[in-house]
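Input: a single structure, listed below in structure tokens.
The values are calculated or read from the model by the stated rules, or taken from the named source; none is laboratory data. This is a predicted model, so every value here is computed, not measured. No Cβ is skipped: glycine too gets one built from the backbone with ideal geometry, and neighbour counts run over all protein chains shown. For accessibility, only protein heavy atoms count, side chains too; no ligands or nucleic acids. Shrake-Rupley method; radii C 1.70, N 1.55, O 1.52, S 1.80 Å.
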Amino acid sequence: GGYKGIFSLLLLTSFALMIIGWRGTQPTPLYLPPVALHKVALGLLAVAFLLMAVSTRNSRLRLLVRHPQLTGVALWGISHLLLNGDNRSVALFGGMTLWALIEIVAISKRQGVWIKGDTPSWGAEGLTVVIAALTVGVVIYVHPWLGGVRVTW
């Protein structure tokens, strides 16, 4: 009972500290993000949020991706690295991507054989897509407040 509450509080605190640290660091350009990949990065973000939604639901995508939430975090980080080329972005998004990839390998090794679940109904699959789309909408709305940057198409 209390474990999940404490864990959630610590997670939210660490998320807040990451945002404060990122916003409080003076950005220094390291590379020029490839403009041609801007839409690709936005597409990766949409897939990342779908994977994160899938991680808590039964989905056909869970039959293809063993660690959907960690894969979503890795795609989220990669997409942000395609959109931002400054030191603070490389530290935050590169670090999160590296952490997610290491965790995928470590958890897979620790858990052994992957046992896949049952195939869900199309209604459940549709609901997962709606949840992911609503989440993307909320994140786009709050992104200027959280990250200090407006999402542009």
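Rolling a 1.4 Å probe over the protein heavy atoms gives segment 45-109 an accessible area of 44 Å² per residue. The share of Cα pairs per 5 Å bin across the chain, counted from zero up to the longest distance, runs 2, 9, 13, 19, 21, 17, 11, 6, 2, 0 percent. For segment 1-82, calculate the relative contact order in percent as a whole number, restricting contacts to Cα pairs under 8 Å that are 6 or more residues apart. Relative contact order of segment 1-82: 31 percent.
Three semi-axes describe the equivalent ellipsoid of segment 1-71; taken as square roots of 5 times the Cα gyration tensor eigenvalues and ordered largest first, they are 28, 24, 7 Å.
Got a sec? What order do Thr71, Thr25 fall in by accessible area at 1.4 Å, biggest, i.e. largest, first? Intermediate results must be reported in sequence, preceding the final value.
Details: Thr71 35, Thr25 60 Å².
Largest accessible area first, the residues go Thr25, Thr71.
Computed from Cα positions, the angle between helix 38-54 and the longest principal axis of the chain comes to roughly 40 degrees. Between the helical axis of 2-24 and the dominant principal axis of the chain, each derived from Cα atoms, what acute angle in degrees is found, rounded to the nearest 10? Here the helix axis deviates by roughly 30 degrees. What's the angle, to the nearest 10 degrees (0 to 90), between helix 68-83's Cα axis and the longest principal axis of the chain? The two axes meet at around 20 degrees.
Here segment 18-133 exposes an accessible surface that is 70 percent carbon and sulfur, computed with a 1.4 Å probe and the other protein chains kept in place. Take every Cα pair under 8 Å whose residues are at least 6 apart in sequence, average their separation, divide by the length of segment 19-153, and the relative contact order is 32 percent. Across Phe49, Phe7, the residue with the most accessible area heads the list, and the full order at a 1.4 Å probe is Phe7, Phe49.
Each Lys or Arg adds one and each Asp or Glu subtracts one; over the other residues with Cβ under 14 Å from the Cβ of Leu63, this totals +3. Within 15 Å, Cβ to Cβ, of Leu30, how many net charges do the neighbouring residues add up to if Lys/Arg are +1 and Asp/Glu are -1? In short, 0.
With each run of n ≥ 4 DSSP H residues scored as -39500 (n - 2.57), what mean residue ellipticity at 222 nm is computed for the chain after dividing by its residue count and rounding to the nearest 500 deg cm²/dmol? Could the numbers behind the result be given before it?
Values: 5 runs with 99 residues, N = 153.
Rounded to the nearest 500, the figure is -22000 deg cm²/dmol.
Just to confirm a number: summing +1 for Lys and Arg and -1 for Asp and Glu over residues other than Asp118 whose beta-carbon lies under 14 angstrom from that of Asp118, what do you get? Cβ neighbours under 14 Å give a net charge of +3.
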